[in-house]
Amino acid sequence: MLKVSQAVLLERTSKDSKKKALQRIKARAELAMSNPKVPGFFMFPEGTTTNGSTLLKFKLGAFIPGLPVQPVCVNYPFKYGDISWTCDRTFPQIAGTMMGEYINYMQVNILDPYIPNEEEKKDAKLYASNVRNLMAKELGRELTNYSMEDALLYGDLLKYGIEESVPGFYMEQITKDYGIRVRKVKKLLKQFATADKDYDAELNVTEFAELLGVPKTKEVESFFRNQGKGLEGINFEKYIDVSTTCTKEITNEREEFIKQILSAFENNKANSEAGYKVYFKHLFEGLSEAQASVLFTNMDVNKDDAVCSSDLTAYSENNPVQFMLIKHVIGMQG
């Protein structure tokens with residue numbers, strides 16, 4: 001079906017995939033404008049489905065070429081049950097709702113082609129915003145600053161049952177402030193939600209230690225205070241800040257940090273799995289055998305029963321906060 005419809009496929013969270021898709025969209029749009037026999041693209045600028053009460057921020061793919069677009073407004077009027085597909089509903093639920101309606105209607109309103117002016121051709125955001133305003137007026141809908149990425153994130157908040165305790169924020173702002181995209185934020189959210197045992201939307205030092213796979217020690221408490229800037233608890237946005245700050249510190253000083261850790265291993269005769277585990281238990285008083293095994297497994301990326309520079313490089317990329325905790329504890333213990 002996708003081949004027959006000549007769809008342009010992309011991975012939502014991949015920057016490279018989006019770039020390639022945009023190039024294909026632009027080339028196809030220009031070809032369609034020059035040759036009437038070539039069909040144009042049918043695009044959904046919100047990038048996802050909603051309950052229809054508002055219009056999300058439009059994605060820019062349809063507007064970057066700076067060519068005319070033809071807005072199409074779609075409504076699904078209902079009497080007994082809303083059939084819209086949102087992140088908190090499953091397909092069987094929607095199918096059941098549809099069967100509760102005697103007739104399911106779809107209203108399609110095809111608007112006149114929208115021809116961008118020179119300013120809109122140069123500014124895809126302005127072009128998209130003006131078209132969205134026009135469609136919202138036609139549909140009688142409100143506008144929202146939330147985007148498709150926000151909808152994806154909200155779906156995870158619902159899944160983890162913390163949508164009410166985590167204050168709303170915009171993915172666009174998170175990307176601007178911390179330089180990360182929705183895939184990374186979803187990963188951090190999963191870590192945060194799993195560790196937040198009391199569902200208060202904050203990690204205390206005990207939960208933070210458990211997240212990092214170590215017992216609560218004075219060194220861990222010191223690291224927690226440093227990263228949390230003296231706060232008693234770390235909320236989700238602060239956890240994003242902690243993770244990205246650790247990543248930046250590692251990026252700037254990776255070689256030196258790795259030398260420090262390898263030197264500590266050598267000085268403490270940690271040169272086999274058993275030796276590393278003994279040293280980890282020295283670093284973290286009360287560390288269990290299982291926790292020591294997980295720490296070693298995380299570090300031994302090459303799976304050769306030893307930890308070398310390349311292992312620590314990969315480890316620092318995969319577990320930046322845990323990596324910085326190890327460095328912090330080694331520094332405190334001399």
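The values are calculated or read from the model by the stated rules, or taken from the named source; none is laboratory data. Because the structure is predicted, anything quoted here is derived from the model rather than measured. Using ideal geometry, Cβ is built from the backbone for each residue, glycine included, and neighbour counts are taken over all protein chains shown. Note: areas computed on protein heavy atoms with side chains; ligands, DNA, RNA excluded. Shrake-Rupley method; radii C 1.70, N 1.55, O 1.52, S 1.80 Å.
A convex hull fitted around the alpha carbon atoms of the range 55-104 yields 111 Å³ per residue.
Taking the Cα centre of the chain as origin and assigning +1 to Lys and Arg Cβ atoms and -1 to Asp and Glu Cβ atoms, the resulting dipole is close to 1280 debye.
Provide the FRET efficiency to the nearest 0.05 for the Lys281-Leu158 pair, computing r from the beta carbons and using R0 = 30 Å.
Values: r = 40 Å, r/R0 = 1.33.
It comes out at approximately 0.15.
Based on C-alpha pairs under 8 angstrom that are at least 6 apart in sequence, the range 62-118 has a relative contact order of 53 percent. Length gained on full extension, Tyr170 to Gln93: 24.9 nm, using 0.36 nm per residue less the C-alpha separation.
Dipole size in debye (nearest 20) for the range 191-334 around its Cα centre, Lys and Arg Cβ +1, Asp and Glu Cβ -1?
Values: 14 positive and 24 negative charges, 67 e Å.
Result for the range 191-334 is approximately 320 debye, rounded to the nearest 20.
Using the Cβ of Gln173 as centre and a radius below 15 Å, the other residues enclosed give a net charge of -1, where K and R count +1 and D and E count -1. Relative contact order for the range 26-146: 34 percent, from Cα pairs under 8 Å spaced at least 6 residues apart, divided by residue count.
By its C-alpha gyration tensor, with a ≥ b ≥ c as the square roots of the eigenvalues, how is the range 81-194 shaped: rounded for a/c under 1.5, else prolate for a/b larger than b/c, else oblate?
Numbers: a/c = 2.95, a/b = 1.09, b/c = 2.71.
Note, shape of the range 81-194 comes out oblate.
In this label model, Ile115 and Asp304 are separated by 6.7 nm, measuring between points 7 Å along each Cα→Cβ vector. Projecting label points 7 angstrom from Cα along Cα→Cβ for Leu231 and Val74 puts them 4.0 nm apart.
Label-to-label distance, Leu2 versus Glu142, with points set 7 angstrom from Cα along the beta-carbon direction: 3.6 nm. In this calculation the C-beta distance from Ser293 to Ser272 is compared with R0 = 22 Å, giving a FRET efficiency of 0.95. In the context of the full set of protein chains, residues of the chain present 59 Å² of accessible surface per residue (probe radius 1.4 Å, heavy atoms only).
Size descriptors for the range 205-303: radius of gyration and Dmax over Cα atoms are 14.5, 39 Å. Annotated for the range 233-318: lysine pairs at least 8 residues apart or interchain, Cα distance under 29 Å, count 16. Shown here are the Rg and Dmax of the Cα trace of the range 104-167, at 16.7, 47 Å.
With all protein chains in place and a 1.4 Å probe, the accessible surface of the range 94-158 carries 54 percent carbon and sulfur. When the solvent-accessible area of the range 204-307 is split by element, carbon and sulfur atoms take up 47 percent of it, the probe being 1.4 Å. Among the chymotrypsin sites (Phe, Trp or Tyr not before Pro) in the range 194-274, those placed in a DSSP loop whose Cβ has at most 13 other Cβ atoms within 10 Å are Tyr199. Here the range 1-118 is assigned +1 on the Cβ of each Lys and Arg and -1 on the Cβ of each Asp and Glu. Its dipole about the Cα centre then comes out at about 540 debye. Within the chain, the selection of entire DSSP H helices by a Cα span of 30 Å or greater along the long axis and an average Kyte-Doolittle value of at least -1.0 returns 236-267. Solvent-accessible area assigned to carbon and sulfur over the range 1-67 amounts to 61 percent, based on a 1.4 Å probe.
Here the scattering of the chain is modelled by Debye summation over its C-alpha atoms, one equal scatterer each and no solvent; at q = 0.07, 0.08, 0.10 Å⁻¹ the log10 of I(q)/I(0) is -0.44, -0.56, -0.78.
Report the relative contact order of the chain, percent, no decimals, based on alpha-carbon pairs under 8 angstrom and at least 6 residues apart. It comes to 12 percent, rounded to a whole number.
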